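Worksheet: one structure, shown below.
None of the figures in this text is laboratory data; all of them are computed from the coordinates on show. This is a predicted model, so every value here is computed, not measured. So basically every Cβ, Gly included, is an ideal-geometry build from the backbone, and we count neighbours across all protein chains shown.
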Amino acid sequence: MSGWTTAADGGRERNWSGNHRYTRGAFVEPADLDELRRVVAGSARVRVLGTAHSFNEGPDTPGSQVSLARLDHVRVDAEAGTCTVGGGTAYVTALPAMHEAGWALPNTGSLPHISVAGAVSTGTHGSGVGNRVVPSSVTALSVVLPDGDLHTVRRGEPGFGGMVVGLGATGVIAEVELALRPTYDVVQDIHPGVTWETLLADPLAVLGAGYSVSVFTRWRDEPVPGGGEGAVGDVIVKHRTDDRRPPEEVEALLGPAQPDRAPSALLGADEHLTPRGSVGPWYTRLPHFPPDGDPSFGHEDQSEWFVPLGDAAGAIAAVRALEPLLAPVLSTSELRTVAADDLWLSGSAGRHSLAVHFTWRDVPERWAVVAAVEEALAPFAPRPHWGKTFTRPVDLGLWERAGDWVTQRRALDPDGCFTNAYLERLGLV
């Protein structure tokens with residue numbers, strides 16, 4: 001994949017998009033759990049490098065940067081309705097195994113290439129007004145603590161909400177247990193004719209038109225199919241076939257769907273995307289990008305902020321006003337919804353959210369534009385995505401349990417084995 005160069009020590013030199021060069025004292029890839037425990041116990045500082053799909057300095061460390069790639073097992077308990085995966089297991093491996101056993105997750109991220117533990121650590125999400133962040137499916141975590149001990153915490157136990165979305169600072173994730181639901185089928189369509197007038201008049205109607213809805217936009221007036229201007233871009237609607245709104249009702253709101261194999265004006269050729277217009281298992285349709293293709297565009301940077309869903313119209317209008325500034329450095333944006341959850345550092349902790357995402361061209365001029373977007377969203381209490389880029393100091397007061405998270409982190413890791421400059425910048429040390 002793009003940007004996956006290898007350094008002399010055997011680890012990846014850069015993240016997948018190439019915008020960040022990792023720094024580390026040493027690179028280690030343990031063969032099994034026992035070796036991982038020895039590595040952690042013998043290192044003063046440790047950070048984990050997952051599948052390299054983050055865009056900031058989160059994995060950097062002056063000590064040991066650890067890959068969990070060899071801890072990639074998958075165990076589905078069909079009777080219990082759970083799936084247990086290793087700290088290095090990618091969704092591309094785990095999702096088919098769940099489906100083959102008759103089970104599913106309620107939602108996925110936009111690409112299956114990422115690791116489960118990485119998604120759990122950073123708060124990865126998909127879309128859907130009733131769908132929470134991906135880590136909300138976690139029912140148990142087993143982590144290696146600084147002394148090498150293995151510690152397991154289950155949902156309902158004290159501190160569980162702070163261990164999930166732990167930013168790699170509450171222990172090295174050795175194993176994750178996920179709650180499953182019966183498998184289901186999904187069909188997705190692209191609607192290119194939704195206008196800004198329609199979106200701004202009732203964002204929730206557009207974003208709630210299906211099980212999972214994404215609005216891809218460049219914030220400008222795009223052509224309306226059949227004539228005219230003023231379209232938002234491409235609205236991707238993913239429907240569960242067992243709970244689908246009548247197609248005529250969706251078309252009345254969003255306009256006709258695009259022909260199945262027609263290229264997306266914003267996302268590219270059909271083969272770059274998961275299938276449209278046909279019914280398929282959930283894990284083949286909920287991600288935007290297929291497992292055998294490059295995720296997104298490469299040679300890029302990404303930013304994202306979560307704002308209260310009730311402020312969607314105001315937040316969208318505020319960013320749209322920046323369109324002339326955005327145009328030279330923006331590849332595309334995506335608007336998604338995320339339901340509220342109880343995870344202490346989740347982007348949607350305690351509030352239903354609109355996630356406003358930006359894919360930037362990897363050029364220096366983007367930084368001034370990132371700052372302008374932050375300024376525009378400031379009235380809406382924006383929370384940044386932990387795995388992406390942002391410039392403003394983080395207001396930890398936007399998370400009710402942030403202080404509890406810091407207290408728990410210090411109790412688990414009093415000497416700061418799992419801390420780094422990134423966590424210091426966030427004020428979470």
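Given in Å, the Rg to one decimal and the Dmax to the nearest whole number for the Cα atoms of segment 185-384 are 16.4, 47.
Can you give the Kirkwood hydrodynamic radius of segment 1-136 from its Cα pairs, in Å with one decimal?
Numbers: mean 1/r = 0.0627 Å⁻¹.
It is 15.9 Å.
Rounded to the nearest 20 debye, the dipole magnitude of the chain is 560 debye, with +1 charges on Lys and Arg beta carbons, -1 on Asp and Glu beta carbons, and the Cα centre as origin.
With Cα atoms as the point set, the radius of gyration and Dmax of the chain evaluate to 20.8, 66 Å. Here the simple spin-label model places points 7 Å from the Cα toward Cβ, and for Glu100 and Leu150 these points are separated by 2.4 nm. Neighbour counts of C-beta atoms inside 10 Å place Cys417, Cys83 in the sequence Cys417, Cys83, starting with the fewest.
Taking the highest mean first, how do the peptides 321-333, 377-389, 273-285 order by number of other beta carbon atoms within 10 angstrom per residue? Don't jump to the answer; show the numbers that get you there.
Numbers: 321-333: 16.4, 377-389: 20.5, 273-285: 18.5.
In decreasing order of mean packing, 321-333, 377-389, 273-285 become 377-389, 273-285, 321-333.
Rounded to two decimals, what is Rg over Rh for segment 205-308 when you use alpha-carbon atoms and the Kirkwood radius? Write down the numbers at each step before the final one.
Details: Rg = 14.4 Å, Rh = 15.3 Å.
Expressed as Rg/Rh, it is 0.95.
Cα convex hull of segment 59-136: mean projected area in nm², to one decimal?
5.9
Short to long, the 10 Å bins of the Cα pair-distance histogram for segment 74-183 hold 15, 50, 30, 4, 0 percent of all pairs. Each helix, a run of at least 4 DSSP H residues, gives -39500 (n - 2.57); summed and divided by the residues of the chain, these come to -5500 deg cm²/dmol at 222 nm.
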